[in-house]
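J.: First, the structure itself, so that you have it in front of you.
Taken together, the values in this text are just the output of simple stated rules run on the coordinates, not laboratory data. No experiment lies behind these values; they were computed from the predicted model shown. Please note: Cβ atoms are built from the backbone with ideal geometry, for glycine as well, and neighbour counts cover all protein chains shown.
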Amino acid sequence: MPVPHPTRCCALMVGIAALAGCQLIPRSSPVTQELAEARRLSHEGLAAADRDNLERAEELFGKAVESCPTDIDARQHYAEVLWQRGEQLAAISQIKQALQVAPDDEGLCVAGGMMYLELGLLDDADKLAQSAVSTAPKSARCWYLHAQTNLARGRIDDALGDFHRALAIEPDNREVLLDTAEAYRRADRPTRALATLAILEETYGPGQIPGSVHALEGMAQEALGRPADALASYRLAQERGDLSETTGARIAALTASAAGPLASAPENGATLQR
């Protein structure tokens, strides 16, 4: 999706507002009757989504958008529910229309960019990521999207720079820390991956670290030639809910090789240095 340019959007926004019977709706604008109705419906839609009644939520958000087509919040909520229900093209259509109203809205740019990333539409994701960081250079989520697009394109060093910009803003952001560790792993820098995972683990309480974190830890330990530690991490990953085929396969492979590499490892395995 090309990101609409502000100059090109002016006429579109005026036309949409005239047809809708409500004003362009930056979030700080006065509340019109149409906007008030859209917000009421959106509130009900959010409540339905909280109850996991996505079909009802979709219906309510659709009515909210009909009530005031320039309410970007309603469109974004609508898009997110459509996406959750597997209606990906319809979701992207809603993001596109919202961006016509507010081309510089960072939330819309990030939401749309993440959708494009998941669909593998990297050019469109890249454009929204560029728009996001230009609009909100102090937003961690914008740099995170930018990092993800670079990572998807194989630009690992650029991605790491973006991840660290995001972490400078939100140092304890678990999602960013996990993906930073993954980027270090892909860059064949397992020591840095483990160091990042150690920081991530400190954000959790005892016994609360997700299996995905332990699985990534196991990969990094394997890369460092620590099969005993890797096996322990993979087993812990399974205990914490990671039932992926990859983790199971690594456990099987490392267990099968116990008479070789594992035999020479320390009895209890080397401890992960924090």
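J.: Show me 52-58, 216-222 ranked by packing, highest mean number of other Cβ atoms within 10 Å first.
T.: Those peptides, ordered most packed to least, come out 216-222, 52-58.
J.: Additional query: According to the square roots a ≥ b ≥ c of the eigenvalues of the Cα gyration tensor, what is the shape class of region 120-171, taking rounded for a/c under 1.5, prolate for a/b larger than b/c otherwise, and oblate for the remainder?
T.: Oblate, since a/c reaches 1.5 and b/c is not below a/b.
J.: Could I ask something else about it? Given Cβ point charges of +1 (Lys, Arg) and -1 (Asp, Glu) and nothing else, what value in debye, to the nearest 20, does the dipole of region 132-189 about its Cα centre take?
T.: The calculation lands at about 100 debye.
J.: Kindly put 212, 67 in sequence by how many other C-beta atoms sit within 10 Å of each C-beta, fewest to most.
T.: Fewest-to-most Cβ neighbours within 10 Å comes out as 212, 67.
J.: Sort 38-45, 132-139 by packing, meaning the average of other beta carbons within 10 Å per residue, with the highest value first.
T.: Result, highest mean Cβ count within 10 Å first: 38-45, 132-139.
J.: Then there is this: Taking other Cβ within 10 Å of each residue's Cβ, how do 197, 254 sort, fewest first?
T.: In increasing order of surrounding Cβ atoms, one gets 254, 197.
J.: Also, quick follow-up: What's the center-to-center distance, using Cα atoms, between region 32-111 and region 216-256 in Å?
T.: Centre-to-centre distance over Cα atoms comes out at 41 Å.
J.: Which lysines does residue 63 reach when only Cα atoms under 19 Å apart count, and residues fewer than 8 places away in its own chain are ignored?
T.: Qualifying lysines at Cα under 19 Å: 96.
J.: Right, here's the next one. Stretch residue 88-residue 175 to full length: gain in nm at 0.36 nm per residue minus the Cα-Cα span?
T.: So the extension gain works out to 29.0 nm.
J.: Using a 10 Å cut-off around each Cβ, can you sort 70, 247 from fewest to most neighbouring Cβ atoms?
T.: Result, fewest neighbours first: 247, 70.
J.: OK, next. Residue 168 to residue 56: extension gain in nm, 0.36 nm per residue of separation minus the Cα-Cα distance?
T.: In short, 36.4 nm is gained.
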